[in-house]
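Peer 1: Dropping a structure here in structure tokens format, bear with me for questions.
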Amino acid sequence: MLSGRHIVLGVTGGVAIHKAVDLTSKLVQSGTSVHVVMTHHATRMVTPFHFQTISRRPVVTDLFPEKPDWQPDHIALADQADLFAIVPATANIIAKIAHGIADDMLTTVAVAIGTRCPVLIAPAMNGHMYANAVVQENLSILRRRGFAVAEPEKGMLACGYEGTGRLQSVPRLLEQIAMLLTRQQDFKGKRFLVTAGPTREPLDPVRFISNRSSGKMGYALALAAAQRGADVILVSGPTSLESPYGVVRLDVQTAQEMHRAVLDEAKHADVVIMAAAVADYRPVEFQQHKIKKTEGNITLTLERNPDILQSLGQAHSNQIRVGFAAETENHLENARRKLENKQIHLIIMNDVSRKDAGFEADTNEVTILAHHRDPIQLPLLPKHQVAHRILDQVLELL
């Protein structure tokens, strides 16, 4: 998504400027051409040479530089930019852009570039400043003009206060940049329900039965659908992952909780993708106190959990349903059986016995099976790329 793109990165004199350095590095590693424009105050905190070394491009700071050619820098940057981001954005720069003030290179670039490509503003400031009515009004002006705002996070701030005003993490900023750059919007107006992660079936107050699912594939699918314009509900089992940008997340623990959440949300969904690794069985009895270790063995009696996909097939015949088959043997045979038995349109088979695919890995190698067509075998790919390839097949069905 980012490779070959040109991003103009505006950097202001906020204390969160160190994240702008990291963001520049991550964008360059992704194959992006990053053109950094710094305010005078930003250069007091980090030298332009630092950004120049990381971006491998000259850093623009002066509105009237000595140039060998005739074209002004702010026009040249506007002409080639695929996206303009200001990270961090201070209250001062937000006010200037909202009211069309162009008195330095960064604000002049903002005025020249504002209607030509997506713009992302990432505020970072003291919590009281961010809550100020003037700052909020200026942000509202920018939103009305179509600017995207990376809402600051809540937490401990550099000034010693705790509140909302901390610059978003670099991974979240990268997600939003990717979303703004893709803008395929081929799922605009569609509602997706995606499940992800494991479930936990409790034995006693400290123990449970679960599996190795990390949730990465389901989260990648939820993010990819949101990037392509869908409204996405993510029903997630316990994971350590951050919620994907632009996605509404519902947290559950057990298979029964996931069953209830999915059936409730599926009423409004055009597409349901069951990427969660839902436990097939749960303990018949939950022990109110911790099970003590004894001399002999113990026996656990398990009962079946409800089959969520089968329940959906019986209740909702007018939606696209996608399932996953995590297999360790007889891969295609088992996947085809699930495709037929669970009343679904697609099933994604992967070999979870491999270390580079399936559970916990950042990559996956899957086969997409559908009714009355040959299987589609994908090579080993990062999970976000696998997600988009799966969504391409969903789009054909829609």
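Peer 1: I need the full set of residues from the range 118-134 which are crowded, with 21+ Cβ neighbours inside 10 Å, closer than 14 Å to Thr12 by Cβ and free of Cβ contacts under 8 Å to residues at least 60 places away in the same chain, in order please.
Peer 2: Within the range 118-134, Ile121, Ala122, Pro123 meet the criteria.
Peer 1: Is the range 377-390 home to any residue that is farther than 23 Å from Phe192 by Cα and in contact with a Leu (Cβ under 9 Å, 6 or more places away or on another chain)?
Peer 2: There is no residue in the range 377-390 that is farther than 23 Å from Phe192 by Cα and in contact with a Leu (Cβ under 9 Å, 6 or more places away or on another chain).
Peer 1: Somewhere in the range 228-237, is a residue surrounded by 15 or more Cβ atoms within 10 Å (Cβ to Cβ), farther than 27 Å from Val352 by Cα and touching a strand residue (DSSP E or B) at 6+ places or on another chain (Cβ under 8 Å)?
Peer 2: Checking the range 228-237: at least one residue is surrounded by 15 or more Cβ atoms within 10 Å (Cβ to Cβ), farther than 27 Å from Val352 by Cα and touching a strand residue (DSSP E or B) at 6+ places or on another chain (Cβ under 8 Å).
Peer 1: Of the residues that sit in the range 244-288 and are farther than 21 Å from Ser210 by Cα and small (Gly, Ala, Ser), which one is surrounded by the most Cβ atoms within 10 Å (Cβ to Cβ)?
Peer 2: This residue is Ala269.
Peer 1: Looking only at the range 353-384, count every residue that is surrounded by 16 or more Cβ atoms within 10 Å (Cβ to Cβ), farther than 15 Å from Val322 by Cα and out of contact with any Lys or Arg (no Cβ under 8 Å at 6 or more places or on another chain) and tell me the total.
Peer 2: 3
Peer 1: If I filter the range 256-266 for residues that are in a loop (DSSP other than H, G, I, E, B) and either in the same structural domain as Leu346 (by TED's automatic domain parsing) or at pLDDT below 95 (or both), do I get at least one hit?
Peer 2: no
Peer 1: Of Phe359, Phe324, which residue is in the same structural domain as Lys267 (by TED's automatic domain parsing), within 24 Å of Glu396 (Cα to Cα), aromatic (Phe, Trp, Tyr) and touching a residue at least 24 places away in the same chain (Cβ under 8 Å)?
Peer 2: Being in the same structural domain as Lys267 (by TED's automatic domain parsing), within 24 Å of Glu396 (Cα to Cα), aromatic (Phe, Trp, Tyr) and touching a residue at least 24 places away in the same chain (Cβ under 8 Å) holds for just one of Phe359, Phe324, which is Phe324.
Peer 1: State the number of residues belonging to the range 229-270 that are within 22 Å of Glu175 (Cα to Cα) and either touching a helix residue (DSSP H, G or I) at 6+ places or on another chain (Cβ under 6 Å) or not β-branched (Val, Ile, Thr) (or both).
Peer 2: The total comes to 21.
Peer 1: Can you pull out every residue in the range 306-321 that is free of Cβ contacts under 8 Å to residues at least 60 places away in the same chain and touching a strand residue (DSSP E or B) at 6+ places or on another chain (Cβ under 9 Å)?
Peer 2: Leu309, Leu312, Gly313, His316, Gln319, Arg321, listed by residue number.
Peer 1: Next question. Do you know which residues across the range 323-375 are among the aliphatic types (A, V, I, L, M) and within 25 Å of the chain's Cα centre (by Cα)?
Peer 2: Within the range 323-375, Ala325, Ala326, Leu346, Ile347, Ile348, Met349, Val352, Ala357, Ala361, Val366, Ile368 qualify.
The values are calculated or read from the model by the stated rules, or taken from the named source; none is laboratory data. Nothing here was measured: the structure is a model prediction, and the numbers come from that model. A quick note on method: Cβ atoms are made from the backbone with ideal geometry, for glycine too, and the neighbour counts reach across all protein chains shown.
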